[in-house]
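Here is the structure we will look at.
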Amino acid sequence: MDSATNRGGNGSASSSRDWVGDAWGGLAAMLVALPSAIAFGVAIFSALAGSLAAQGALAGILGATALGLLAPPFGSRSRLISAPSAPAAAVLAALATTFTQQGGAAPTILIQIGIIGLLAGAIQVGFGTAGIGRLIKFIPFPVVSGYLSGVGLIIIGSQLPKFVGAPAGASLLDAARAPSVWMWQSILVGSVVIAAMVLTPRLTKAVPAAILALLAGCATYLILALIDPALMTIERNPLVIGALGSGDAGAGDALSRYWLALQSLGFHEIAQVLAPALTLATLLSIDTLKTGLVMDTMTNSHHDPDRELIGQGIGNIAASIVGGVPGSGTMGASLVNLSSGAKTWRSALMAGGFSLLAFLLLSGLIAWVPIAALAGILIVIGFRMIDRHSLTFFFTPATRLDFLVILSVILVAVFGNLIAASGVGVALAIILFIREQTRSSVVRHRIEGQEIVSKRTRSELELSGTEADASNMVVFELQGSLFFGTANQLQTALEPEAGVRKYIVLSMRRVQSLDVTATHVLEQIKDTLEQHHGYLVFCDIPKGLPSGLKMKRFLKDTGVVRPTNSAFAFRQLDDALEWIESQELAEKTAEPNDSAPVELADMPFLAGCSPEAMTALAAVVELRLVKEGKRVFKAGGDSDALFFLRRGVVKLTVPIHKKESYHLATCGPGDLIGAKGFIEVHRQAMDALALADSDVYVLTREQFEVLAVDFGDLAVALVGKLARDLATRLHTAITEVQVLRS
């Protein structure tokens with residue numbers, strides 16, 4: 001009873017602490033996100049007319065409220081804070097300026113911007129439903145870096161006129177050409193805010209830098225107002241936001257206007273709003289998912305990117321309906337949310353609630369916020385978005401092309417648009433990837449026939465004269481991607497060998513991809529070999545490539561490997577080498593018949609033993625039949641016997657990992673196996689698998705010790721055979737290691 005009570009009490013206390021942490025996290029996140037949201041709203045609306053700056057501030061607050069209240073419950077329920085963001089400000093401010101220059105009226109442009117935000121939210125919901133959120137990991141870093149730097153430069157360029165106090169709607173070029181219209185009061189306020197944004201994090205982190213900077217800007221303006229009473233007037237004052245007002249009767253009226261506007265859209269109007277909506281949806285999605293990845297890393301968690309996009313889309317639809325600025329997951333506010341003690345997704349929900357509360361209680365104070373103060377905050381945000389570290393890529397030859405990708409994205413973003421910049425960046429990244437693939441060698445190792453041997457045990461008579469034929473074979477270990485970009489490199493490596501070699505062996509173990517162009521090259525090599533009575537031999541073919549392609553089936557389907565032609569496929573390199581050796585032996589002598597038995601008396605290594613020793617040996621050994629596919633002995637077994645192979649073929653392997661194993665040797669009639677277990681009298685370290693029905697004579701360690709007392713010649717013969725076999729296998733293994741490391 002007490003235990004249950006304690007558990008309940010602890011759970012209740014933990015839940016209470018979670019609520020407290022979420023409340024503090026949501027409040028701190030709101031304090032960071034709200035000034036930026038107001039600044040983004042002012043940046044967008046002031047591009048239409050200076051008198052709309054106050055409405056822009058309200059739009060920023062409403063956007064933060066709608067996103068905060070709707071994105072968390074419908075999203076992946078992470079501690080991600082959603083609010084109006086830099087990509088939204090960059091795209092919508094540029095569109096507002098463009099529509100104004102085209103002669104559009106401010107009310108019409110506001111409806112167009114609202115429709116764009118609404119469609120962007122709907123597109124984000126479509127992205128999430130279609131599973132596009134998971135594709136964020138495929139966006140190359142240079143593209144993301146260039147995109148962020150481009151957005152940062154766009155924000156800085158759009159805020160510098162406001163920083164110097166240029167008339168509303170003035171571009172950066174206009175402001176630069178007319179320094180006479182600059183207002184020193186605006187420059188002073190903006191400079192104080194920038195200094196506070198940069199310096200306050202070094203002094204304290206208890207209060208967000210954006211809040212302290214905004215308070216410093218407001219205090220500076222108040223001091224100036226005490227000196228110049230004219231600044232105490234809020235109406236027609238270009239230095240402050242002004243009285244807040246939405247200009248909308250309500251969300252229902254806004255939705256009705258959007259619906260009527262959508263019904264009246266023609267083809268030209270649809271094209272005019274659809275492309276920007278797609279641009280905005282793409283950039284907001286990238287910004288959200290990028291922030292989500294950082295949050296996952298910091299919290300050691302995993303969010304659902306597709307569900308996150310659905311939540312963001314619903315939040316942006318709601319924000320547009322109520323006249324707010326759309327947004328995305330914001331990095332700064334999310335990190336503050338975590339560091340302030342947030343435990344659950346409720347903190348993000350509370351941030352939206354606190355935004356609404358701040359609007360209801362502080363709207364009068366927000367009206368007096370200097371525009372230059374918001375411009376200063378945005379300039380610092382834009383500067384921090386610029387990936388300055390990537391600029392060092394220019395000075396390193398290996399990363400200079402990546403720098404060009406980043407620079408291209410930045411230039412297209414600044415002088416074109418952000419969606420085109422993303423497209424250019426992805427296209428250049430693909431070109432760089434293809435270039436990198438073509439520069440890397442597809443041949444990892446080239447091994448001459450003399451440097452590698454078959455592991456099938458043969459008698460000296462069988463192997464006599466085959467060393468000179470080793471030059472007929474060459475082994476290529478291929479790697480990487482065999483596709484149209486590396487097909488010429490593959491052909492250049494193999495073509496000179498096709499006319500002079502009888503066997504070209506291709507190890508495919510490290511090949512990552514294969515396309516029709518590469519198989520066409522392989523077919524040409526096969527045809528050349530066939531003309532010279534040669535063979536193209538594949539081995540180590542992976543069961544499946546990362547793309548899901550079945551390589552062996554693909555080679556058959558494309559006509560490279562067929563049962564009746566000069567191309568063959570084997571499971572392992574050892575199998576291919578044994579086949580080639582058998583082919584060579586078959587041309588010189590009759591291929592040994594593995595089904596023909598070799599009796600004890602006929603085994604070569606026992607040739608020097610006395611008749612008495614052979615009679616004694618035959619009397620104690622046991623003849624055992626091992627069916628094909630069964631083991632003579634297995635790794636981990638306690639067998640300490642020697643096995644004389646009378647008939648059949650036995651493959652010796654050492655297990656490595658799961659189903660992987662290392663091939664030691666393949667033994668035939670007349671061979672002696674079981675050396676390690678016999679010598680060490682420990683559990684067997686290898687498997688002996690019968691590849692055909694086999695007969696083995698079994699001699700236990702105890703029986704050997706008895707025979708060794710009376711027949712020293714027999715003991716010497718057996719131990720000598722074991723020593724020679726072990727030395728041969730060690731030499732083969734060392735040779736293999738040296739070849740593979742060269």
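The values are calculated or read from the model by the stated rules, or taken from the named source; none is laboratory data. Bear in mind the structure is a predicted one, so any value in this text is a computation, not a measurement. Neighbour counts run over all protein chains shown; Cβ positions are idealised from the backbone, glycine included.
Worth pointing out:
- Pair list, Cβ under 7 Å, 6 or more apart: the stretch 177-189 residue surrounded by 11 or more Cβ atoms within 10 Å (Cβ to Cβ) and in a helix (DSSP H, G or I), other residue at pLDDT 90 or above and of a type in the set (S, T, N, Q): LEU188/THR220; VAL189/THR220
- In summary, THR5 fulfils each of the numbered conditions (1) in the same structural domain as GLY165 (by TED's automatic domain parsing); (2) assigned to a helix (DSSP H, G or I); (3) modelled with pLDDT under 75; (4) more than 20 Å from LEU215 (Cβ to Cβ) with the single exception of condition (1).
- Qualifying residue in the stretch 85-100 (condition: surrounded by fewer than 18 Cβ atoms within 10 Å (Cβ to Cβ), modelled with pLDDT of 85 or more and closer than 26 Å to LEU309 by Cβ): no
- Flag for GLY670 being buried (at least 20 other Cβ atoms within 10 Å of the Cβ), free of Cβ contacts under 8 Å to residues at least 60 places away in the same chain and on the phi > 0 side of the Ramachandran plot: no
- Filter result for THR399 (among the β-branched types (Val, Ile, Thr), farther than 30 Å from PRO238 by Cα, at pLDDT 80 or above and assigned to a helix (DSSP H, G or I)): no
- Of the residues contained in the stretch 75-82, none is found to be at pLDDT 85 or above, surrounded by fewer than 24 Cβ atoms within 10 Å (Cβ to Cβ) and not charged (D, E, K, R).
- Filter result for PHE359 (over 40 Å from the mean Cα position of the chain (by Cα) and either surrounded by fewer than 23 Cβ atoms within 10 Å (Cβ to Cβ) or of a type outside the set (D, E, K, R) (or both)): yes
- Of all the criteria given as (1) of a type in the set (Gly, Ala, Ser); (2) out of contact with any strand residue (DSSP E or B) (no Cβ under 7 Å at 6 or more places or on another chain); (3) exposed (fewer than 15 other Cβ atoms within 10 Å of the Cβ), the one not satisfied by ALA715 is (3).
- Members of the stretch 8-26 found to be closer than 14 Å to SER82 by Cα and modelled with pLDDT of 80 or more, listed by number: GLY26
- Residues in the stretch 620-633 that are assigned to a loop (DSSP other than H, G, I, E, B) and farther than 20 Å from ASP575 by Cβ: VAL621, LYS627.
- Across the stretch 83-116, the qualifying residues are those that are within 30 Å of the chain's Cα centre (by Cα) and assigned to a helix (DSSP H, G or I), and the one among them that is nearest to ALA333 (Cα to Cα) is ALA86.
- The residues of the stretch 421-454 that are in contact (Cβ under 8 Å) with a residue 60 or more places away in the chain and not hydrophobic (A, V, I, L, M, F, W, C), listed by number, are SER422, GLY425, ARG444, HIS445, GLU451, SER454.
- Looking only at the stretch 291-305, and only at residues there that are surrounded by 18 or more Cβ atoms within 10 Å (Cβ to Cβ) and assigned to a helix (DSSP H, G or I), the one that is modelled with the highest pLDDT: PRO305
- LEU160 fulfils the conditions (1) of a type outside the set (Val, Ile, Thr); (2) surrounded by fewer than 21 Cβ atoms within 10 Å (Cβ to Cβ); (3) closer than 20 Å to THR291 by Cα except for a single criterion, (3).
- Of the set (1) at pLDDT 85 or above; (2) assigned to a helix (DSSP H, G or I), all apply to ILE286 but (1).
- Qualifying residue in the stretch 131-145 (condition: small (Gly, Ala, Ser), farther than 24 Å from VAL369 by Cα, within 23 Å of the chain's Cα centre (by Cα) and part of a helix (DSSP H, G or I)): yes
- Only one of LEU411, LEU418 that is at pLDDT below 75 and either touching an Asp or Glu at 6+ places or on another chain (Cβ under 9 Å) or farther than 30 Å from ALA498 by Cα (or both): LEU418
- Checking the stated criteria, PRO73 turns out not to satisfy the condition of being in contact with a Leu (Cβ under 6 Å, 6 or more places away or on another chain) and in a helix (DSSP H, G or I).
- Test: residue in the stretch 514-532 that is modelled with pLDDT of 85 or more, assigned by TED's automatic domain parsing to the domain that holds GLN450 and part of a strand (DSSP E or B): yes
- When the residues of the stretch 583-605 are filtered to those that are outside any loop (DSSP other than H, G, I, E, B) and charged (D, E, K, R), the one that is modelled with the highest pLDDT is ASP602.
- Long-range neighbours under 7 Å by Cβ, at least six apart or interchain, first residue under 22 Å from ILE156 (Cα atoms) within the stretch 384-401, second buried (at least 16 other Cβ atoms within 10 Å of the Cβ) and among the aliphatic types (A, V, I, L, M): MET385/ALA86; MET385/LEU148; MET385/VAL151; ILE386/LEU153; ASP387/LEU148; SER390/ILE406
- Condition met for GLY157 (part of a helix (DSSP H, G or I) and either under 23 Å from GLY75 (Cβ atoms) or not hydrophobic (A, V, I, L, M, F, W, C) (or both)): yes
- Of the residues examined, ALA427 is not one that is under 27 Å from GLN531 (Cβ atoms), surrounded by fewer than 16 Cβ atoms within 10 Å (Cβ to Cβ) and modelled with pLDDT under 85.
- Of all the residues in the stretch 555-577, those that are aromatic (Phe, Trp, Tyr) and at pLDDT below 85 number 0.
- When the helices (runs of 4 or more DSSP H) confined to the stretch 634-742 are screened for residues that are of a type outside the set (D, E, K, R) and over 52 Å from the mean Cα position of the chain (by Cα), those reaching at least 2 such residues are found at 701-710, 712-741.
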